[in-house]
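Bear in mind these aren't lab numbers, they're just calculated from the coordinates by the rules spelled out. Small disclaimer: the values here were computed from a predicted structure and weren't measured. Note that each Cβ is placed from the backbone with ideal geometry, even for glycine, and that neighbours are counted across all protein chains shown.
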Amino acid sequence: MSGLRPASAGRGESGRYEAFDHLATMVAVLRAADGCCLFVNAAFEAALGLPRRALLRRGRLFDWFVDASALVTNYQAVVANQYSTVRLEALLRRPTAPHAEPLPVHVIVTQVDHGETILLELVEIEQQARQDRETRTLDQVRVTKELIRNLAHEIKNPLGGIRGAAQLLEMDLADATLTEYTQVIIHEADRLQALVDRLLAPHRRPHMVADVNIHEVLERVRSLVLAEFSRGLTIVRDYDASLPEFRGDREQLIQAVLNITHNAALALAERRQAGDARIVLRTRAARQVTIGRQRYRLALELHIEDNGPGVPPEIRDRIFFPLVSGREGGSGLGLTLAQDFIQQHQGLIECESEPGRTLFKIQIPLP
């Protein structure tokens with residue numbers, strides 16, 4: 001970034017660096033001579049919960065850190081041209097929540113404008129870890145999806161032959177009691193055929209795109225789940241009514257949310273018997289969101305949260321894989337299909353779980 005130039009002459013400092021507002025990471029521009037803060041981007045405002053003017057009035061950015069000694073030392077080394085860039089970790093204060101834990105960040109200090117100014121880029125350590133998890137999840141899902149498609153097609157062809165052979169054998173059997181065994185073959189072939197069809201279903205059905213109101217989707221899911229689990233379960237609405245409509249496949253979204261919510265209701269069996277089972281459907285707008293290595297200005301954030309026992313630790317990292325289920329008799333396809341449907345909307349599903357709280361977070365880009 002050493003070749004950074006003003007975006008437009010005569011706009012002042014904020015106009016010069018306005019491109020930084022499109023970045024997901026926190027960015028601040030300091031005057032090299034005295035460390036005075038000239039600019040902070042939108043991500044910085046969002047992280048600290050203060051408007052830009054208030055942040056700039058606070059003066060030296062070093063005062064925003066719990067212990068800035070290491071940062072100051074490295075900053076001075078960059079100003080003195082001993083290094084062009086340095087990296088270190090620090091703790092950022094939260095001015096709007098003084099009693100909250102400081103925010104752990106990875107700080108990158110870089111010279112710009114031929115040494116006249118210094119660029120500080122701050123990456124939340126948790127954000128970086130989340131992005132790494134998201135990247136791994138997307139890669140795993142892509143590989144798994146391709147494997148499933150290929151495997152399903154390979155299974156499908158011999159299944160038809162096995163079923164047909166069993167039917168021909170049944171017609172030629174002299175002993176009618178032996179048809180019990182051919183029926184077992186036919187029924188199992190049909191069961192496997194149905195499983196293969198479910199694996200291939202997302203790739204067969206055309207994407208029916210129209211304007212979608214996410215709250216209409218949630219209300220449909222809520223009514224379906226409460227119709228099945230009418231006693232002992234409360235589904236709480238926590239909606240952001242200002243969310244805009246977006247282009248999507250309504251039926252796919254209903255199915256994706258229903259799969260997750262229905263799983264939650266099943267996992268709440270003991271809570272339902274006790275009468276305190278609870279699922280929360282929450283919608284919010286998220287700004288400057290990265291999904292699948294792509295940056296979006298605005299995204300829908302949908303939370304499906306329950307107070308159940310949590311996802312078993314041994315499958316927590318694999319719950320979106322096909323045929324992985326934490327429930328007796330489960331097919332292990334519900335979450336796989338949900339992830340697939342959401343990805344067809346350029347979105348992603350993530351899960352956080354511990355005993356007493358499981359949260360599925362769906363993010364979908366908004367216009």
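Counting 0.36 nm for each residue step from A77 to N157 and taking away their Cα separation leaves a gain of 22.0 nm. With the simple spin-label model, which puts each label point 7 Å out from Cα in the Cβ direction, the D238 to H303 separation comes to 0.4 nm. Couplings 3J(HN,Hα) of region 350-360, computed from phi: 10, 10, 10, 8, 8, x, x, 7, 10, 10, 9 Hz, in residue order, whole Hz [Karplus 6.51 cos²θ - 1.76 cosθ + 1.60, θ = phi - 60°; x for Gly and Pro]. A Förster radius of 51 Å, combined with the Cβ-Cβ distance separating T179 from D211, puts the computed FRET efficiency at roughly 0.40.
Computed from backbone phi, the HN-Hα couplings of region 107-117 come to 9, 10, 10, 9, 6, 9, 6, 6, x, 6, 10 Hz, rounded to whole numbers (Karplus: 6.51 cos²θ - 1.76 cosθ + 1.60, θ = phi - 60°; Gly and Pro given as x). The D276 and A70 beta-carbon pair, evaluated with R₀ = 41 Å, returns a calculated FRET efficiency of approximately 0.25. Amide hydrogen proximity for I291: with H placed 1.01 Å from N in the peptide plane, the residues at 5 or more positions away or on another chain lying under 5 Å are Y296. Site pair E354 and R57 shows an inter-label distance of 3.8 nm when each label is modelled 7 Å from Cα along Cα→Cβ.
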